[in-house]
Amino acid sequence: MGCLRVLLAIFFPPLSVIDKGCGSIIIVFLLTLCGWIPGVIAALIILNNSNR
């Protein structure tokens, strides 16, 4: 996870997972609509899992 990705996940979560696939974008977008913190947490989890 790069610093830019983490900052992007904090300020605009759906944009940070744009290269992870359509499903990830939709999930993070819906969670961001429900609340900012769930969207940020989901984006950070997706970004963290993709590096392994």
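For the reader, a short list of remarks on this structure follows.
- In the chain, helices alone account for a calculated mean residue ellipticity at 222 nm of -23500 deg cm²/dmol, with every DSSP H run of four or more residues adding -39,500 (n - 2.57).
- Here the scattering of the chain is modelled by Debye summation over its C-alpha atoms, one equal scatterer each and no solvent; at q = 0.14, 0.22 Å⁻¹ the log10 of I(q)/I(0) is -0.26, -0.65.
Computed from the coordinates by the stated procedures, all read-outs in this text should not be read as laboratory data. It should be emphasised that the depicted structure is a prediction, and the values quoted were computed from it without experimental measurement.
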